[in-house]
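The structure appears below as structure tokens.
The values are calculated or read from the model by the stated rules, or taken from the named source; none is laboratory data. The shown structure was predicted, so the numbers you read here are calculated from the model rather than taken from an experiment. Please note: Cβ atoms are built from the backbone with ideal geometry, for glycine as well, and neighbour counts cover all protein chains shown.
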Amino acid sequence: MTEDLISEKRGHTLWVTFNRPEARNAITFGMYEALAELCASVPTDGSVRAMVIMGAGGKAFAAGTDMTQFRAFETEQDALDYEDEITRVLTAVDQCPVPTVAAMHGACTGGGASIAAACDIRIASAQLKFGFPIARTLGNCLNAGNLARLSELMGAGRVREMIFTARLMGADEALACGLISEVLPDEAALLDRADVLAQHLAGMAPLTLRATKEAMRRNRAALAVEDNDLIALCYMSNDFKHGLEAFLAKQKPEWSGT
């Protein structure tokens, strides 16, 4: 387990924390891998009954993938492997045998937003900023499975508009559209509520919850489509290379469409 992703068992709840506050909890490839391994290794003997995922530092749940890692991308396979890894991680969250709660405070964007969307229940502080500003920043794309999950939660029209405009959704809108189930006034209240909610879930019939999670995952998996050409189109483009460097240099990109 990387020190950038820490876990702590409290009672029957496993608390998982993105722990890169100096980078607004931007997710490294190692953190993705550690999260997938953690979800796959949750015991089913009753010792763990729920998982809460949160971010350290008081400013962000997780501000997407650490973009510096994209500088190593040179071939289409690099992009396809990355999106395959994202799918594997989100599937691991989907398949976690216990209920998962995303306690979302502050920025929850990009990969962080995808992970939150893969959780069973999402609650948030009033300071939530949720979205995928990739049309403004990098010029990459979400894979089809990721988009299907978001559309299931929020509706396809809202997902399309949010990504096209690169805007971030606040807590009230997230509540109104069904993305989250509760809004708490601040981070302290959010974590207190997450604890109470996890304890409540721990008292439910575990096989009922596990079967429901898996059946709903299979429903979505049945709609899987081929999207390699779309991933290559974006990640291998001049715009992606330019957008990445512009973002890291805190400059506004000038898109060419190539």
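Here are a few things to note about the model shown:
- Breaking point among (1) at positive phi; (2) surrounded by 16 or more Cβ atoms within 10 Å (Cβ to Cβ), for residue 65: (1)
- Within the stretch 45-56, considering residues that are on the phi < 0 side of the Ramachandran plot and assigned to a loop (DSSP other than H, G, I, E, B), the one surrounded by the fewest Cβ atoms within 10 Å (Cβ to Cβ): 45
- Qualifying positions in the stretch 163-180 - in contact with a Lys or Arg (Cβ under 9 Å, 6 or more places away or on another chain) and among the β-branched types (Val, Ile, Thr): 165, 180
- If the condition is being under 30 Å from residue 139 (Cβ atoms) and touching a residue at least 12 places away in the same chain (Cβ under 8 Å), then the stretch 173-211 contributes 174, 177, 178, 179, 180.
- Qualifying residue in the stretch 180-188 (condition: within 18 Å of residue 150 (Cα to Cα) and not charged (D, E, K, R)): yes
Residues are listed down the side, and each one gets a yes or a no for (1) in a helix (DSSP H, G or I); (2) touching a helix residue (DSSP H, G or I) at 6+ places or on another chain (Cβ under 6 Å); (3) buried (at least 22 other Cβ atoms within 10 Å of the Cβ):
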| residue | (1), (2), (3) |
| --- | --- |
| 39 | yes, yes, yes |
| 43 | no, no, no |
| 61 | no, yes, yes |
| 70 | yes, yes, no |
| 77 | yes, no, no |
| 82 | yes, no, no |
| 92 | yes, yes, no |
| 97 | no, yes, no |
| 112 | yes, no, yes |
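- Restricting the stretch 212-258 to residues that are over 22 Å from the mean Cα position of the chain (by Cα), among the hydrophobic types (A, V, I, L, M, F, W, C) and part of a helix (DSSP H, G or I), the residue that is farthest from residue 145 (Cα to Cα) is 246.
- Of the residues making up the stretch 57-74, at least one is without any contact (Cβ under 8 Å) to a residue 40 or more places away in the chain, over 20 Å from residue 131 (Cα atoms) and not charged (D, E, K, R).
- Residue that is surrounded by the most Cβ atoms within 10 Å (Cβ to Cβ) [pool: residues in the stretch 8-37 that are charged (D, E, K, R) and under 15 Å from the mean Cα position of the chain (by Cα)]: 24
- Matching entry among 193, 167 (being at negative phi, outside any loop (DSSP other than H, G, I, E, B) and in contact with a strand residue (DSSP E or B) (Cβ under 9 Å, 6 or more places away or on another chain)): 193
- Single match in 174, 116 (criterion: more than 21 Å from residue 30 (Cα to Cα) and modelled with pLDDT of 95 or more): 174
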